[in-house]
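First the structure, in the form of structure tokens, and then the observations on it.
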Amino acid sequence: MPDLLRRRPGLAATALLCLLASGLAQAHPHGWIDMRLRLVVDDEGQLTGLHQSWRMDPFYSLVVLEELGQADGEGGLEAALDQLGGEIRDNLVAYGYYTELTLAGEKLAFDAVNDYTVLERGGRVEFIFLLPLAEPLPMAGQTLRYQVFDPTYFIEMVHEEEGNRPASDALLVGGGLECETHIEPANPDPERVMQAAMLDVTDEAEPGLGRHFAETGEVACR
């Protein structure tokens, strides 16, 4: 299970116990993340990376902040959040940072994430990072699609919403390009929904289950 906090056993165990106690561990997912995404475009109109912001759900954030607040060490909560950011980044490497970006059906490659931070905002833990492309990609005349998802569907990844619709800043394009954006809701097969509902916190989901519950972002530039 690609737990974002797997390398922090005490924190992961505490969060897991709280999830069990709250009754949320009856089916997948066991938590969610609200995300915003901005395409980073250079002066030549080339896509160079994806700037992402992930906000953990209020309950999981509370558990994390309480655990970090009790940790010993210099620097207090800010230093603990910095350390947590490195651990999250490291845990995401093996899973492609939970992100798939495609052009004409072909997956694009990413470079390593070196620009990231974790902060507390409004009582929620937020992981912000820049995911660079391995090679810059011209955007004019291109249609890109992406999905961000936890392969095991232990965590549900959704775009920020306003009034049951994607927020105005849930998907943005930098660089002054004229682009049309669209976020397609997930439409999982009923059998997949049933499969996820039957999984409890101790079960291992089949690889790629989260893909079927992922929203799809689409960006078409002139």
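Against the list (1) over 19 Å from residue 123 (Cα atoms); (2) surrounded by 16 or more Cβ atoms within 10 Å (Cβ to Cβ), the condition residue 65 fails is (1). The set of residues in the stretch 103-158 being among the β-branched types (Val, Ile, Thr), over 14 Å from residue 53 (Cα atoms) and under 17 Å from the mean Cα position of the chain (by Cα) consists of 152, 155. On the given criteria, is residue 180 of a type outside the set (A, V, I, L, M), in a strand (DSSP E or B) and touching a residue at least 40 places away in the same chain (Cβ under 8 Å)? Considered against the rule, which asks whether it is of a type outside the set (A, V, I, L, M), in a strand (DSSP E or B) and touching a residue at least 40 places away in the same chain (Cβ under 8 Å), residue 180 comes out as yes. Return the residues of the stretch 94-144 that are farther than 15 Å from residue 219 by Cα and of a type in the set (Gly, Ala, Ser); say none if nothing qualifies. Listed by number, the residues that qualify are 94, 96, 109, 112, 122, 123, 134. Among the residues of the stretch 160-199, the one identified as on the phi > 0 side of the Ramachandran plot and surrounded by 12 or more Cβ atoms within 10 Å (Cβ to Cβ) is 175. Of note, residue 158 does not satisfy the criterion of being modelled with pLDDT of 95 or more and assigned to a loop (DSSP other than H, G, I, E, B). Would you call residue 134 part of a loop (DSSP other than H, G, I, E, B) and surrounded by fewer than 12 Cβ atoms within 10 Å (Cβ to Cβ)? It is false that residue 134 is part of a loop (DSSP other than H, G, I, E, B) and surrounded by fewer than 12 Cβ atoms within 10 Å (Cβ to Cβ). Say whether the condition of being assigned to a loop (DSSP other than H, G, I, E, B), among the charged types (D, E, K, R), in contact with an Asp or Glu (Cβ under 9 Å, 6 or more places away or on another chain) and farther than 22 Å from residue 30 by Cβ is met by at least one residue in the stretch 164-174. The answer is yes, given that some residue of the stretch 164-174 is assigned to a loop (DSSP other than H, G, I, E, B), among the charged types (D, E, K, R), in contact with an Asp or Glu (Cβ under 9 Å, 6 or more places away or on another chain) and farther than 22 Å from residue 30 by Cβ. Scanning the stretch 72-126 for residues that are basic (Lys, Arg) and part of a strand (DSSP E or B) turns up 107, 121, 124. Looking at this structure, is residue 102 out of contact with any Ser or Thr (no Cβ under 9 Å at 6 or more places or on another chain), touching a residue at least 60 places away in the same chain (Cβ under 8 Å) and surrounded by fewer than 17 Cβ atoms within 10 Å (Cβ to Cβ)? Against the criterion (out of contact with any Ser or Thr (no Cβ under 9 Å at 6 or more places or on another chain), touching a residue at least 60 places away in the same chain (Cβ under 8 Å) and surrounded by fewer than 17 Cβ atoms within 10 Å (Cβ to Cβ)), residue 102 does not qualify.
The values are calculated or read from the model by the stated rules, or taken from the named source; none is laboratory data. Keep in mind that what you see is a predicted model, and the values were worked out from it rather than measured. Neighbour counts are summed over all protein chains in view; Cβ atoms, including those assigned to glycine, are modelled from backbone coordinates with ideal geometry.
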